[in-house]
Amino acid sequence: MMVTGCDDKRVRVFNTRNKNLVCRMKGHEGAVKAVAISPDCEHFASASFDKTARIWRTRDATTLHVLTGHTKSVECLCFSLDSSQLCTGSWDRTAIVWNVEKGYMVKLLIGHENLVQSVSFSYTSEWLATGSWDHTVRLWQLKSSDGDDKVMVLNGHKGNIHGVAFSKEGMLASCSWDKTIRLWNARNGKLIHVLTGHLGWVQAVTFSPDGCYCASVSDDETVRLWEVVTGQCVKVLEGKTEEAQHCGFTKGGALVASGAASVTLALVPN
């Protein structure tokens with residue numbers, strides 16, 4: 001299953017095997033800015049310019065919840081690994097954590113000074129990362145033994161942050177319009193590597209399933225594969241990547257880059 005959102009206010013579901021359109025859903029009153037599928041595949045979610053997010057049932061493509069709470073366009077969202085929570089980020093400079101089953105607000109995260117462009121849960125859901133156009137990454141502790149949730153502000157980027165991602169081992173990656181990717185220790189907020197090489201804005205970043213590699217997509221029309229331990233670029237993909245805006249890995253470790261007009265598949269080095 002593949003889910004897409006569009007400026008026509010609709011969410012579409014496609015069968016990835018035969019590439020056929022399965023259904024299209026109405027409900028949003030503004031452009032759909034982002035979509036996500038829950039890890040258990042029971043639900044998918046959409047974020048919209050209409051200031052709302054929606055959680056949909058996969059089995060019948062009906063709306064489970066309309067999430068209201070943001071005061072401006074909702075730009076990004078993601079599910080926790082256990083599929084129990086959803087986080088949304090907005091032009092109103094906040095992020096909100098929601099309960100998926102009941103649809104209520106769990107936590108309102110305030111602190112950024114500009115648009116929250118990207119959000120990501122850690123594998124344990126102990127931490128949530130948010131990337132903002134204020135050039136900072138914030139690490140929010142969602143589960144603490146003493147009830148005093150910590151917030152770490154990660155500085156260093158010189159441009160808007162467009163993507164954040166956690167590795168299975170707890171490393172955090174952030175990518176920016178300053179043309180760099182930064183790798184951080186998510187437990188203490190310390191910088192590990194600054195990955196340079198892209199010649200354009202970096203739009204997305206992700207980790208391989210084993211955490212040994214991260215991949216990045218840039219406006220320079222390349223997809224780069226980086227070795228996490230050394231911070232070295234081990235592969236540059238060019239050709240048919242000019243429209244790529246997102247990247248991800250399959251469970252088998254193949255790298256997929258996608259955009260409005262193309263999909264590129266590459267194998268990770270052994």
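The values are calculated or read from the model by the stated rules, or taken from the named source; none is laboratory data. Values in this document were obtained by computation on a predicted structure and should not be read as measured data. Backbone-built Cβ (ideal geometry, glycine too); neighbour counts: all protein chains shown. Note: areas computed on protein heavy atoms with side chains; ligands, DNA, RNA excluded. Shrake-Rupley method; radii C 1.70, N 1.55, O 1.52, S 1.80 Å.
Quick notes on this one:
- Residue count, the stretch 108-132 (criterion: surrounded by fewer than 23 Cβ atoms within 10 Å (Cβ to Cβ), at pLDDT 95 or above and more than 16 Å from the chain's Cα centre (by Cα)): 6
- Residues of the stretch 6-17 that turn out to be within 15 Å of Arg54 (Cβ to Cβ) and part of a loop (DSSP other than H, G, I, E, B), as a count: 3
- Residue within the stretch 102-118 that is in a loop (DSSP other than H, G, I, E, B) and polar (S, T, N, Q) present: yes
Okay, residues lined up against (1) open to solvent by 80 Å² or more (accessible area, probe 1.4 Å); (2) in a strand (DSSP E or B); (3) over 16 Å from Phe121 (Cβ atoms):
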{"position": "Lys19", "(1), (2), (3)": "yes, no, yes"}
{"position": "Arg24", "(1), (2), (3)": "yes, yes, yes"}
{"position": "Gly27", "(1), (2), (3)": "no, no, yes"}
{"position": "Gly30", "(1), (2), (3)": "no, no, yes"}
{"position": "Ala47", "(1), (2), (3)": "no, yes, no"}
{"position": "Asp50", "(1), (2), (3)": "no, no, yes"}
{"position": "Ala53", "(1), (2), (3)": "no, yes, no"}
{"position": "Trp56", "(1), (2), (3)": "no, yes, yes"}
{"position": "Ala61", "(1), (2), (3)": "no, no, yes"}
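- Among residues of the stretch 169-184, those that are touching a strand residue (DSSP E or B) at 6+ places or on another chain (Cβ under 7 Å) and part of a loop (DSSP other than H, G, I, E, B), counted: 3
- Residues of the stretch 181-200 that turn out to be closer than 14 Å to Cys247 by Cβ and either open to solvent by 30 Å² or more (accessible area, probe 1.4 Å) or of a type in the set (Val, Ile, Thr) (or both), as a count: 1
- Enumeration of residues in the stretch 133-168 that are assigned to a loop (DSSP other than H, G, I, E, B), over 15 Å from Ala95 (Cβ atoms) and at pLDDT 95 or above: His135, Asn155, Gly156, His157, Lys158, Gly159, Asn160, Ser167
- Scanning the stretch 152-161 for residues that are in contact with a Gly (Cβ under 7 Å, 6 or more places away or on another chain) and touching a residue at least 40 places away in the same chain (Cβ under 8 Å) yields a count of 1.
- Conditions (1) open to solvent by less than 60 Å² (accessible area, probe 1.4 Å); (2) of a type in the set (Asp, Glu); (3) closer than 25 Å to Phe44 by Cα; number of the one not met by Glu101: (1)
- The residue that is farthest from Gly131 (Cα to Cα), counting only those in the stretch 65-76 that are buried (at least 17 other Cβ atoms within 10 Å of the Cβ) and of a type in the set (A, V, I, L, M), is Leu67.
- Hits in the stretch 185-213 - residues which are of a type in the set (S, T, N, Q), assigned to a strand (DSSP E or B) and in contact (Cβ under 8 Å) with a residue 24 or more places away in the chain: Gln203, Thr206
- Among the residues making up the stretch 80-93, those that are open to solvent by 20 Å² or more (accessible area, probe 1.4 Å) and either among the charged types (D, E, K, R) or outside any loop (DSSP other than H, G, I, E, B) (or both) are Asp82, Gln85, Asp92, Arg93.
- Only one entry in Ser218, Ser208, Ser176 is within 25 Å of Asn155 (Cβ to Cβ), at pLDDT below 95 and polar (S, T, N, Q), namely Ser218.
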